[in-house]
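The values are calculated or read from the model by the stated rules, or taken from the named source; none is laboratory data. Keep in mind that what you see is a predicted model, and the values were worked out from it rather than measured. Note that we place each Cβ from the backbone using ideal geometry, even for glycine, and neighbour counts take in every protein chain shown.
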Amino acid sequence: MSGLEVIGAGFGRTGTLSLYTALNILDGTSPCYHMLENFLYNHKKFWFRANEATTMKERERALKEVLTEKGYKAIVDFPGCVFYEDLMRMSPDAKVILSVRDSPAAWFKSVDKTIFAENTGGRMSFLQMLFPFGLHRYVIRPLIWLPFADFFRMENTIERMFRGAPKDYSQSGMEKCYSDWLEHVRATVPKDRLLVHNAKQGWKPICDFLGKPVPDCPYPRVNDSAEFQRKMLIGDAISIVSIAVFYGGLFYAAKFANAAGFFDCAKKMIIDFLQ
């Protein structure tokens, strides 16, 4: 691993997808890693290993496996942000960009409209309309995610955001988590290696910080709240189809194929989840 050029220490919903897009435009900071890459290239097991490692060496080995696969030069967003201190040790010359919102309240408002929307009533999802009274959460969503159950292990990685404090997903708890994280990053990253950046500031602070010319194009603005909610509604509709296809296939296998084959399939899913 030749080393990262840029490490993003900011939480999701702080303009990280815009930053990811920007770093992929600049010379020397591409390719950049983002949560999207985790899903595109099935890296979840590397992140599970990094989070569950009992020694620094094991954790760094898992992180190295992720980043060397495609020669990443930068990393932003979750889950990379919660390992920024490990990544700094691994790439001692890397610069750190702490992406921020205008305030903790502004960050929570964005999270509440997007990631937390269905749990807080901010969005009446397609699934909620079909399965009211909480049934979508306790019955339908578990059915959707059962084939991908190992993603639930990412919950343990989320705990790193709270830095040992009890998880509190209330507004006050999340705003405190966000504020404490910013304070911790500022305290642990040398000033000459740190840029605190709001997406509203655009290209110039980033380019000055990295010593690169400002591109002849607007600073990217992607994944705003309205677009995120639109994608979530589409995702809910697709989820209904996914349930029908996946469980219809299992029913067909159980009824028309041999029972042993069905149970072998179920066994494999459990083993994959535990690995």
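Ser30 fulfils the conditions (1) modelled with pLDDT under 95; (2) over 26 Å from Cys177 (Cβ atoms); (3) hydroxyl-bearing (Ser, Thr, Tyr) except for a single criterion, (1).
Here Trp107 clears all of (1) assigned to a loop (DSSP other than H, G, I, E, B); (2) modelled with pLDDT of 95 or more; (3) surrounded by 21 or more Cβ atoms within 10 Å (Cβ to Cβ) except the condition numbered (1). With respect to the conditions (1) farther than 14 Å from Arg101 by Cα; (2) in contact with a strand residue (DSSP E or B) (Cβ under 8 Å, 6 or more places away or on another chain); (3) in contact (Cβ under 8 Å) with a residue 40 or more places away in the chain, Arg160 lacks only one, and its number is (2).
Within segment 160-188, the set of residues being within 25 Å of Asp86 (Cα to Cα), of a type outside the set (D, E, K, R) and surrounded by fewer than 13 Cβ atoms within 10 Å (Cβ to Cβ) comprises Gly164, Ala165, Pro166, Ala187. Restricted to segment 189-218, and to residues that are without any contact (Cβ under 8 Å) to a residue 60 or more places away in the chain and assigned to a loop (DSSP other than H, G, I, E, B), which residue is surrounded by the most Cβ atoms within 10 Å (Cβ to Cβ)? For segment 189-218, the residue satisfying everything is Gly202.
Pick from Asn51, Asn38, Asn42: which is within 17 Å of the chain's Cα centre (by Cα), farther than 20 Å from Thr188 by Cβ and crowded, with 19+ Cβ neighbours inside 10 Å?
On inspection, the qualifying residue turns out to be Asn38.
Elements of the type helices (runs of 4 or more DSSP H) sitting completely within segment 17-71 and holding at least 2 residues that are touching a strand residue (DSSP E or B) at 6+ places or on another chain (Cβ under 9 Å) and not aromatic (Phe, Trp, Tyr): these cover 56-68.
Scanning segment 1-16 for residues that are of a type in the set (A, V, I, L, M) and assigned to a loop (DSSP other than H, G, I, E, B) turns up Met1, Leu4, Ala9.
Restrict the check to segment 222-230 and report whether at least one residue is at pLDDT 65 or above and either buried (at least 16 other Cβ atoms within 10 Å of the Cβ) or under 29 Å from Lys113 (Cα atoms) (or both). Outline the logic, then answer.
Keep residues of segment 222-230 that are at pLDDT 65 or above, which gives 222-223.
Within this subset, residues satisfying the condition of being either buried (at least 16 other Cβ atoms within 10 Å of the Cβ) or under 29 Å from Lys113 (Cα atoms) (or both) are 222-223.
Looking for residues that are at pLDDT 65 or above and either buried (at least 16 other Cβ atoms within 10 Å of the Cβ) or under 29 Å from Lys113 (Cα atoms) (or both), one finds at least one in segment 222-230, hence yes.
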